[in-house]
Every structure is written in structure tokens, then in C-alpha cells.
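The values are calculated or read from the model by the stated rules, or taken from the named source; none is laboratory data. Quantities reported herein were computed from a predicted structural model and do not represent experimental measurements. Neighbour counts are summed over all protein chains in view; Cβ atoms, including those assigned to glycine, are modelled from backbone coordinates with ideal geometry.
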Amino acid sequence: MERLDHAGAQLQVEDELVIALPKGRLSDDALALLEQAGYGLAAGNGDRQLVLRSVAEHVRYVLAKPADVPVYVEYGAADLGIAGLDVVRETQRDVLEPLLLPFGYCRLSVAAPAARSDRPLRLEPNPRVATKFPRLTEAFFRRRGVSAEIIELSGSVELAPLVNLADLVVDLVQSGETLRANGLVEMRTILDSQAVLLANRAAWRLKADTVARFVARLRQILES
């Protein structure tokens, strides 16, 4: 990466790391881990800023929607990123996964209204399935020989069976309380998920020492 000084000369900043962080449910745990590792946020970052400075001199953060973090990393806009395995598997981006992180635990599950939850999936006649994860959902049903109609939603998928939009849902589950509150029961787990550190393939080579130090420091914190 290059910067310009005030005279216009190019300054090489090869050891700078740009790290994409997800907004939402993983954000607090990610920032807490980075703080422990000595890469916390610097004072003076604005509440609405999307590019943030770290207390570490050559570290910057970019805040992105969770589904966009692997995109930033794959294309090199960020050297590293933190995302959920569910997002990484769904987006199928070409990134490295050097380190699993001990937070963001959840599971991607198939759920059905309680009245039909004991029916085997293979007996479902062309079910309509509402989900935010169309690729993982389609692959799951295809492996089981079930011809499912996938309905992609961006909001609360639990609503779909209540208004006869879908027969089943596939969604992330933590405690299961939201499913139960809407009369749904888990049938199968598609994927166990947690947070993961991602790395851009080019940065892994070109910034090998800097990236290795960062990963080693996080690993040290997690093992201590």
C-alpha cells in the first residue's frame, strides 16, 4: 500500500493492516478481543465514522455489513476481517481462514411449524423454504434429494410460515427463543457457526510478517 507525503512523494506503508469488522452481533466481542490484544480503537474516532484508527500505529479498521466483510477481504480492500462462518460459507468468497475465534456461536437450522416438525424432510413435497441463506439452504436440500423452492428474505424469516409464504425456514439460531415464540421447532442443523478471522491471499504473502504477528498475538490472547 502506498501513501503520498506533503511533497507528493510516495511513501511505502507495507506493514499497515486494514481490518474489516462486522457491524451487529459480532462487533462488541470482536472489539473486546482486539482491545485485549493491544489493537483497540484510538480515542477520537467519531460515532458515525466507517474508517477507524487503532491505538496500534499501522492498523486501521473499516466497518461493514457482516455479509460484506468477506468481499472486502477477497478483493484486498481489507487485509484481514472478522466474520461468522455462516456468512463465509454462504458468500463462498476466496479467502483464508487462519484462526477461529471463540464468540459468535450459533447454528444454521431448518425449522418447521410444530404441527409438522416430526415429518421427515425427504417426505416434504416440494417445500417452500424461507431463508437469508439461499446457497447453503439449496445445497442442503439438494443433497437430500428434496426439490425445495427457496424464498430469499432479508427480514425476519420466522414470519413466513405464519402468513403461509413458506412451509419451512432456515435461519440462525442461538437460544431458539424466537423460533419457539413463533410456533416453530428446529428439525435439522445445517451448520455450526462461530466467528473466524479471514485473510486476503495476497496480503498473506506480501505482508507475511505483519499478518503473522497479528495472528500470533490474537492466538496468544486466546490461549492465555
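Being buried (at least 16 other Cβ atoms within 10 Å of the Cβ) and assigned to a helix (DSSP H, G or I) is the filter here, so list the residues in region 191-214 that pass it. Give the derivation first.
So the first thing to find is which residues in region 191-214 are buried (at least 16 other Cβ atoms within 10 Å of the Cβ), and the list is 191, 193-200, 203-204, 207, 210-211, 214.
Hits for region 191-214 are ALA203, TRP204, THR210, VAL211, PHE214.
Results for (1) farther than 19 Å from GLU97 by Cβ; (2) in contact with an Asp or Glu (Cβ under 7 Å, 6 or more places away or on another chain); (3) part of a helix (DSSP H, G or I); (4) outside the structural domain of LYS207 (by TED's automatic domain parsing), shown as yes or no for each residue.
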site	(1), (2), (3), (4)
VAL18	no, yes, no, no
LEU21	no, no, no, no
ASP28	yes, no, yes, no
LEU31	yes, no, yes, no
LEU34	no, no, yes, no
GLY38	yes, no, no, no
ASN45	yes, no, no, no
GLN49	yes, no, no, no
Handout entry: Condition check for LEU136: over 30 Å from ALA20 (Cβ atoms), modelled with pLDDT of 95 or more and not hydroxyl-bearing (Ser, Thr, Tyr)
Key = no
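Inspect all residues belonging to region 59-71 and state whether any of them is basic (Lys, Arg) and within 13 Å of the chain's Cα centre (by Cα).
Going through region 59-71, the residues basic (Lys, Arg) turn out to be 60, 65.
Remaining after also requiring within 13 Å of the chain's Cα centre (by Cα): 65.
Within region 59-71, one or more residues are basic (Lys, Arg) and within 13 Å of the chain's Cα centre (by Cα).
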Practice task
Taking only region 54-104 into account, find how many residues are out of contact with any helix residue (DSSP H, G or I) (no Cβ under 8 Å at 6 or more places or on another chain), assigned to a loop (DSSP other than H, G, I, E, B) and closer than 21 Å to SER154 by Cα.
Solution key: 1
Fill in the blank from the handout: Going through region 61-79 in order, the residues found to be among the small types (Gly, Ala, Ser) and on the phi < 0 side of the Ramachandran plot are ALA64, ALA67, ALA77, ALA78
Practice task
With the checklist (1) without any contact (Cβ under 8 Å) to a residue 24 or more places away in the chain; (2) crowded, with 21+ Cβ neighbours inside 10 Å; (3) of a type in the set (A, V, I, L, M) in hand, flag the one item VAL129 doesn't pass.
Solution key: (1)
Practice task
Please verify whether region 175-189 includes one or more residues that are closer than 24 Å to LEU34 by Cβ and either surrounded by fewer than 17 Cβ atoms within 10 Å (Cβ to Cβ) or in contact with a Cys (Cβ under 6 Å, 6 or more places away or on another chain) (or both).
Solution key: no
